[in-house]
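Q: One structure, as structure tokens, below. Some questions next.
None of the figures in this text is laboratory data; all of them are computed from the coordinates on show. Keep in mind the model is a prediction, meaning the values are calculated, not measured. Don't worry about glycine lacking a Cβ; one is built from the backbone with ideal geometry, like all the others, and counts go over all protein chains shown.
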Amino acid sequence: MTGANSKRNIATAKLLLEDAMPNGNFDQIRSLVTADAPIRRAGFTDLYALTGDSIPQQGNFVEWLEAGWKVLSAALTDQTSKTVDIVGDGNTVVLQFHMTALHTGTFAGAPATGNRVEWDEIGVLHFDDEGKITDLWFMCQELSLAKQLGYVAQLG
């Protein structure tokens, strides 16, 4: 894959994570991702499972938008996402991004606090030769977010 394609893939990853997803632009999201792209999430899904709720941890990305992202977005509104670091090589983009949101609805069993919450995530995205995302994996700082929501960790 050429350097131009890597730059294109980096731009697409940033468009997805800094604009389309925080703003709930599902048509744009679908235009950036292949219809059969799988997603694997860690962090949010673990937090939901720990608190007795559940959202899909993996499966088809487009289906996950309906079952997972809409649930998250309804509870965490006014989202912002800023890329902290990003690297593209061939058909793979790896990035760290910083999210903020207003906690306005029940999220992972925690009632709305009205507070702004923030966390970092790591994402690994794979692309096809046409520049569409074919595979997504994300890991977020769920313990930091849980603390901001009022949960207290009990270890051991």
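Q: Just tell me which lysines come within less than 17 Å, Cα to Cα, of LYS132; anything on the same chain fewer than 8 places away is out.
A: By straight Cα distance, LYS132 reaches LYS7, LYS14.
Q: Would you grab the residues whose amide H sits under 5 Å from the one on ASP135? Only those 5+ places off in sequence or on another chain, please, with H modelled 1.01 Å from N.
A: Placed amide hydrogens put HIS126 under 5 Å from ASP135.
Q: Between THR34 and TRP137, with labels modelled 7 Å along Cα→Cβ, what's the label distance in nm to one decimal, could you check?
A: In this crude label model, THR34 to TRP137 measures out at 1.7 nm.
Q: Can you give the log10 of the normalised intensity I(q)/I(0) at q = 0.15, 0.21 Å⁻¹, computed with Debye over equal Cα scatterers of region 81-156?
A: -0.65, -0.92
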